[in-house]
Each structure stands twice: as structure tokens, then as C-alpha cells.
Amino acid sequence: MDAAFTAEEDDAQRGAAEQDALRRTLHELLTDRTARTLARACEEAGRTLLSSPLLATSVLAAPLVRALGTDAQGTALLPGLTAGHTSATLAVPGGALSLALGLTGDNAGGHWSGGGRSGGVQARQAEKGWALYGQAEQVLDGHTADLLLVAAHTGGFARSRTLLFVVRAEGAAGLSRVRQPSADGARPQATLQLRDVEGELLGSGADVVEALVSVGRTAATLLAAEAVGAAERVLEGAIALPRGRDEGASWAEKQRLAEVYVQVTAARSAVCCAAADPAGGGALALAQGIEVLRAAAWEAVRLHGGTGDGREREAQLQFGRAACDELLFGPVHRLRDRAADAAGIFGPPAAGEPVSGASASGVPAPGAPASGAPAYHHDPHDKEAVR
């Protein structure tokens, strides 16, 4: 006789299958670090509102170790980070993570790390390597990470520069870590206090600005993919809600959901373009992803109407995720402003940034002006252009 499963057992099996699929996706993320594969994995993580050190370890810390670390440091640290046995995070003082990654402003000069004066995190040479003193706020997974990549200022005011230091958190003397509440509850943050904590210089002392900018571009793309996955999940839940008997209200709700669907589709297209070229569209994709997640979550909460069921609670958490991402990596208008400055839309492009309309290979993108054609720059004081 064939055995039949109960409804509870079927739900348990489906839940186990989803977790297994998610684990396989994350394993693919840690072994294949192409931007498109990372984007697919982060999208699935966003759909489930995954609480894990995925962003802090694989997106922020591991690429910095690989880009800046010496051969000995790479051999000692990267295997544990890749296998998932070791967690790590990037600690930036003053809550200036978006500025340090070059997403909302120019990170050259290192003023966000202390600037040679009081505040931030200062590093000085000691008998056994380096000693770090200062405080860092809004550190992702800072209370549980095994390794801390601390951005610290060194050289005093005359030879000012910012370097990265590796701090092994377990048993570190002078290190205090306090977990702070987050808007969504699934992306924990912490405040770190360092009182002459021993640290190891990451790499040979080369400038870390370019490495941080490169990591910031990729991180923006992956965060945008995560936001799009979360928005799709919330939208699916809102569409599945039973409609009322008022035909006019039902049509109005469908129209609003259709508008959100168009926004989600446009954000997905932006993520696909940014995954192919993070330097050209990462920040813009992140700004669009945050906005569409906020809009989708707000519509879902409104349509639930305070029923208090599980789907409404999930929509509320996703709305908190959008607010959390904007606080850490935004705000949205600064992301767009920085992208416009880098592309040279309202003036000459920023130094070291790719020119708008050109790919990395130098081939003009579709719709870009031909070689030798004058580029248009809007001047608000030019009355003829305005007319």
C-alpha cells in the first residue's frame, strides 16, 4: 500500500528542499566569484531574507584580502573564508561605509578614517606590529566575525594615508564588540571599540583606495540583486492576496501592483547591466533596487491592511531591509549624484572613472555619441539650451 504524506509533512519536505537548494546556491557563490553568479545567489538570499555573514565575508572582506594581501596572508586566510569556516567583515569608522567604498563620494584622502586628527581609528607602530585605537560603528556582523579588516589612519597629518589591518577577534586584548539593533533584524550590526588592539597590516602598505572602490562597485551590484529578489518575493505575496468584492477597489489595487511590477522588471534589467559592467552601473542599480523594494513592501503592507499574518510580517521586514540598506550604502540621491559625477553628465567625468557611453574595451555603447561628436552637458544658466 502506498504511504501518503500529511500536509504538515509535505510542507516540511518543501521547506527542507528550499533550504538545500539555497545551500547549494551559496556553495556556488563561494566557489565561483563571477559577478553574474554572485548576483543570482544574492537574489535568492534576498527572497528568503537570509541572515548570514554572506555580504560581510564574501562580498566585502574576501575580495579585499585577495586584492591587497600578501601571498602568505592569502594562503593563511582565503581557504577558510572560501570554505565558510571563517567569517570576516570590513570595519569603517564613523559609519562611513558608503563613502569608504566610493559609492556616495570620493574616498581619496582617507578623511573618513580619521584624517590624522582625533576620531576614527588611528594606527601606530608598536613593538609587535601595529596598535589600533579608536571606534567603528555600523559594522556588519561585527559582533560575530572571526576576522576584522579595520580601516585605520596612519602617518600623522603630514604623511596621511589609510591602510587596512587584520585583527583576529578571538581573544584580542582591548577589543570590545557590542551588537546594535537593525531595522530588519536579519542584517546585524555592531559597534567596535579598539584600545591599542594588535593588528597585522594587510598587504605591503599600498594604497587601499582603488581596492575599496572596486569592491564597492561589486557590492552595489550584489546588493541591488538582493533587493530585486526581495521585491519579487513581496510582490508575489501581494498578488496572491484575495481581493474584495468592490470591483473598483480591486481594479485600483491591480493597477498599483502592475506599476510595482514594471518597476521590479526595470530594476532587474539594471542589475543585469550592472553585473556585466559593475563599474558603469552598480550604484545606479543599487539606488533603483532600494527604491523598488521600498515601494513593493509598502504596497504589500497596505494591501494586507493590518491582518497580522505571516506575509504581512515578511513585508514589514523587507521594508526594514530597504531602510537598512539605504542607511548603510545610501542615501539613494547621493548614489545617483555620485554616478552622475562619475559619468560626466553635468560636467567633466571624475578622475579615474569610466566615461559614460564607453565600455571597458573602449567600444562605444549603443546609443552613445560617435567618436568626435560633441558631448552634451546641461548648463542651467544657458537660456538658449533651456529654450
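Observations
- Going by neighbour counts of Cβ atoms within 10 Å, the residues 234, 197 line up, fewest first, as 197, 234.
- Kirkwood Rh in Å, taken over the stretch 74-140 so that all alpha-carbon pairs contribute: 13.8 Å
- Nearest-20 debye value, the stretch 250-345 charge dipole, Cβ charges on Lys, Arg, Asp, Glu: 60 debye
- Here the Debye sum runs over all C-alpha atoms of the stretch 50-207 as equal scatterers in vacuum, and log10 of I(q)/I(0) at q = 0.16 Å⁻¹ comes out as -0.85.
- Lys, Arg +1 and Asp, Glu -1 on Cβ, resulting dipole of the stretch 63-191 about Cα centre, debye, nearest 20: 280 debye
- Approximate spin-label separation residue 255-residue 195, in nm, with each point projected 7 Å along Cα-to-Cβ: 6.3 nm
- Relative protection proxy for 131-137, 220-226, 79-85, from highest mean packing down: 220-226, 131-137, 79-85 (other beta-carbon atoms within 10 angstrom).
- Cα convex hull of the stretch 211-343, projected area averaged across orientations, nm²: 8.2 nm²
- Residue exposure sequence - 298, 130, 251 - by fewest surrounding Cβ within 10 Å: 251, 298, 130
- Summary of the geometry: the stretch 265-332 and the stretch 106-147, compared by the centres of their Cα atoms, lie 31 Å apart.
None of the figures in this text is laboratory data; all of them are computed from the coordinates on show. Keep in mind that what you see is a predicted model, and the values were worked out from it rather than measured. Neighbour counts are summed over all protein chains in view; Cβ atoms, including those assigned to glycine, are modelled from backbone coordinates with ideal geometry.
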